[in-house]
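Report on one structure; see the data block that follows.
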């Protein structure tokens, strides 16, 4: 029994020393994996900037950090496990030596049979403990990995469903921003992004939002979908504060086409009919036609069963954006949001999408955000933002005739520069 206290104390001491080392190992593994993933995803940028040597050096440094962290952990582990076994062997050898001495002394203290029996019992007790070191080491290694995973799973979401959400199966599509103030959480922006924004979109109305970069246009979408909560005021859907709705009900009523299109690895059909495995091919094709994508897909050997690759790498930027538009059309939500939906398409495709815009927005409320003001020409109303405030409101013709911020942007984009305007 003599080795057991040493084993317990040694195991507790080892756990205390090895735990932070394995935590550093898992952190280094995450950094290395992230570095390699970013390099593979951005290989074209790396090649165009001839930055292969620069990125190779960064991967080498990250790999060295992982190697160093792993070496520190392995060095302690390599010392601990043999020591544990040595302590056990010393205890077992002590039993044999003392027992053998008593047998050979001829005093009758212990017989040979009793020594063999006692040695076997001691072996059954102590020898399984030789695996204690390996078990403790594997446990701490797994514990360090699990801590990172469970730390993420246990993170409390900043946006949650209200305790008693107001039911909203399908919205009528009325949207209202009531004196909305917003500031991003600490670390993302220091100053307020929106300052007392107020406007209303009637059901079935198409509202365009224009303004220079950084005016707060995309923030409006994030607040409407409740990716963030307002700092002041309220955002309402059908007269209900979005904070009173279940997130699933709110987002089920919104179809978003983002400027940053994300496609999943799978076929074109699967990406258009996302979360709708039983959607008939005819419905998928109709949505693709409205998005000016069908002719391209029909020209492919495998048609709608063509794989798009990781993040849609096999498609061009314009093709990915048109697929995203088709996906939003097929969702058939009462509220359609287009956030720079034509920023990556060519002029001809943009014109075709604009011609279908009335069909796309028929029977639903539409919020269209665009730098290309030609996309907003046929909107029922246009809001112009600057520095987080609504500075102008009206139709395209009214805003151009007014000669303000919108007119400046329009003249620059259309090539009709007016003397004295920037």
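The values are calculated or read from the model by the stated rules, or taken from the named source; none is laboratory data. Just so it is clear, the model here is predicted, and its values are computed rather than measured. Cβ: placed from backbone, ideal geometry, glycine included. Neighbour counts: every protein chain shown.
Among the listed residues 52, 37, which satisfies the condition of being at negative phi, in contact with a helix residue (DSSP H, G or I) (Cβ under 7 Å, 6 or more places away or on another chain), exposed (fewer than 15 other Cβ atoms within 10 Å of the Cβ) and without any contact (Cβ under 8 Å) to a residue 12 or more places away in the chain?
Details: 37 fails: in contact with a helix residue (DSSP H, G or I) (Cβ under 7 Å, 6 or more places away or on another chain).
Being at negative phi, in contact with a helix residue (DSSP H, G or I) (Cβ under 7 Å, 6 or more places away or on another chain), exposed (fewer than 15 other Cβ atoms within 10 Å of the Cβ) and without any contact (Cβ under 8 Å) to a residue 12 or more places away in the chain holds for just one of 52, 37, which is 52.
Residue 13: surrounded by fewer than 15 Cβ atoms within 10 Å (Cβ to Cβ) and under 27 Å from residue 136 (Cα atoms), yes or no?
Working: surrounded by fewer than 15 Cβ atoms within 10 Å (Cβ to Cβ): yes; under 27 Å from residue 136 (Cα atoms): yes.
So residue 13 passes the test.
Can you give me the ranges of the helices (runs of 4 or more DSSP H) entirely in the range 257-304 with at least 3 residues that are touching a helix residue (DSSP H, G or I) at 6+ places or on another chain (Cβ under 9 Å) and in contact (Cβ under 8 Å) with a residue 40 or more places away in the chain?
Details: elements: 268-272, 281-290, 294-298.
Output list reads 268-272, 281-290.
Scan the range 66-124 residue by residue and report those that are more than 30 Å from residue 21 (Cα to Cα) and touching a residue at least 24 places away in the same chain (Cβ under 8 Å). Please lay out each step first, then the result.
If we filter the range 66-124 for residues that are more than 30 Å from residue 21 (Cα to Cα), which is where we start, we get 91-124.
Across the range 66-124, the qualifying residues are 91, 92, 94, 95, 119, 122, 123.
Are any of the residues in the range 212-228 assigned by TED's automatic domain parsing to the domain that holds residue 383, more than 28 Å from the chain's Cα centre (by Cα) and crowded, with 16+ Cβ neighbours inside 10 Å? Walk me through how you get there before you give the answer.
The initial filter retains those residues of the range 212-228 that are assigned by TED's automatic domain parsing to the domain that holds residue 383, namely 212-228.
Those still in the list that are more than 28 Å from the chain's Cα centre (by Cα) too: none.
So far as the range 212-228 goes, no, none of its residues is assigned by TED's automatic domain parsing to the domain that holds residue 383, more than 28 Å from the chain's Cα centre (by Cα) and crowded, with 16+ Cβ neighbours inside 10 Å.
Just the residues that are within 22 Å of residue 79 (Cα to Cα) and surrounded by 12 or more Cβ atoms within 10 Å (Cβ to Cβ), please, taken from the range 124-134. Spell out how you get there, then give the answer.
As a first pass, look at the range 124-134 and keep what is within 22 Å of residue 79 (Cα to Cα): 126-134.
Of everything in the range 124-134, those that are within 22 Å of residue 79 (Cα to Cα) and surrounded by 12 or more Cβ atoms within 10 Å (Cβ to Cβ) turn out to be 126, 127, 129, 130, 131, 132, 133, 134.
Given the condition more than 29 Å from residue 332 (Cβ to Cβ), touching a strand residue (DSSP E or B) at 6+ places or on another chain (Cβ under 8 Å) and surrounded by fewer than 16 Cβ atoms within 10 Å (Cβ to Cβ), answer yes or no: does some residue in the range 141-164 qualify? Steps first, please.
Of the residues in the range 141-164, the ones more than 29 Å from residue 332 (Cβ to Cβ) are 141-156, 158, 163.
In the following step, the residues that additionally are touching a strand residue (DSSP E or B) at 6+ places or on another chain (Cβ under 8 Å) were identified as none.
Looking for residues that are more than 29 Å from residue 332 (Cβ to Cβ), touching a strand residue (DSSP E or B) at 6+ places or on another chain (Cβ under 8 Å) and surrounded by fewer than 16 Cβ atoms within 10 Å (Cβ to Cβ), one finds none in the range 141-164, hence no.
Tell me which residues, restricted to the range 173-191, are surrounded by fewer than 16 Cβ atoms within 10 Å (Cβ to Cβ) and either in a loop (DSSP other than H, G, I, E, B) or under 28 Å from the mean Cα position of the chain (by Cα) (or both). Walk me through it before giving the result.
First, the residues of the range 173-191 that are surrounded by fewer than 16 Cβ atoms within 10 Å (Cβ to Cβ): 179, 181, 184-191.
Once the filter is applied, which keeps residues that are surrounded by fewer than 16 Cβ atoms within 10 Å (Cβ to Cβ) and either in a loop (DSSP other than H, G, I, E, B) or under 28 Å from the mean Cα position of the chain (by Cα) (or both), the range 173-191 yields 181, 184, 185, 186, 187, 188, 189, 190, 191.
Among 343, 374, which is the only one that is under 28 Å from residue 408 (Cβ atoms), in a loop (DSSP other than H, G, I, E, B) and either modelled with pLDDT of 85 or more or in contact with a helix residue (DSSP H, G or I) (Cβ under 8 Å, 6 or more places away or on another chain) (or both)? Break it down into steps so the answer makes sense when it comes.
Details: 374 fails: in a loop (DSSP other than H, G, I, E, B).
Going through 343, 374 in turn, just one is under 28 Å from residue 408 (Cβ atoms), in a loop (DSSP other than H, G, I, E, B) and either modelled with pLDDT of 85 or more or in contact with a helix residue (DSSP H, G or I) (Cβ under 8 Å, 6 or more places away or on another chain) (or both): 343.
Out of all the residues in the range 395-409, is one or more modelled with pLDDT of 90 or more, crowded, with 16+ Cβ neighbours inside 10 Å and closer than 17 Å to residue 202 by Cα?
No: the range 395-409 contains no residue that is modelled with pLDDT of 90 or more, crowded, with 16+ Cβ neighbours inside 10 Å and closer than 17 Å to residue 202 by Cα.
Got a sec? Which of 194, 207 is at pLDDT 90 or above and either more than 30 Å from residue 297 (Cβ to Cβ) or surrounded by 18 or more Cβ atoms within 10 Å (Cβ to Cβ) (or both)?
Within the list 194, 207, the selection yields 207.
Quick check on my filter: what residues within the range 307-335 are over 17 Å from residue 256 (Cβ atoms) and part of a loop (DSSP other than H, G, I, E, B)?
Step one: list which residues in the range 307-335 are over 17 Å from residue 256 (Cβ atoms), which gives 307-311, 313-319.
Result: 308, 309, 313, 314, 315, 316.
Listed residues 19, 78; which is within 36 Å of the chain's Cα centre (by Cα) and either exposed (fewer than 15 other Cβ atoms within 10 Å of the Cβ) or within 17 Å of residue 144 (Cα to Cα) (or both)? Lay out the reasoning, then the answer.
Values: 78 fails: within 36 Å of the chain's Cα centre (by Cα).
That would be 19, the only listed residue that is within 36 Å of the chain's Cα centre (by Cα) and either exposed (fewer than 15 other Cβ atoms within 10 Å of the Cβ) or within 17 Å of residue 144 (Cα to Cα) (or both).
Given the structure, is residue 365 buried (at least 20 other Cβ atoms within 10 Å of the Cβ) and modelled with pLDDT under 80?
Working: buried (at least 20 other Cβ atoms within 10 Å of the Cβ): yes; modelled with pLDDT under 80: no.
In short, no.
Give 134, 154 a once-over and let me know the one that is within 30 Å of residue 21 (Cβ to Cβ) and under 30 Å from the mean Cα position of the chain (by Cα). Write out each step before concluding.
Working: 134 fails: under 30 Å from the mean Cα position of the chain (by Cα).
Of the residues listed, the single one that is within 30 Å of residue 21 (Cβ to Cβ) and under 30 Å from the mean Cα position of the chain (by Cα) is 154.
What tally of residues in the range 293-306 results from selecting those that are loosely packed, with under 15 Cβ neighbours inside 10 Å and touching a strand residue (DSSP E or B) at 6+ places or on another chain (Cβ under 7 Å)?
Here the count works out to 1.
Can you give me the ranges of the helices (runs of 4 or more DSSP H) entirely in the range 1-107 with at least 3 residues that are closer than 22 Å to residue 135 by Cα and assigned by TED's automatic domain parsing to the domain that holds residue 147? Spell out how you get there, then give the answer.
Values: elements: 3-41, 43-48, 52-105.
It comes to 3-41, 52-105.
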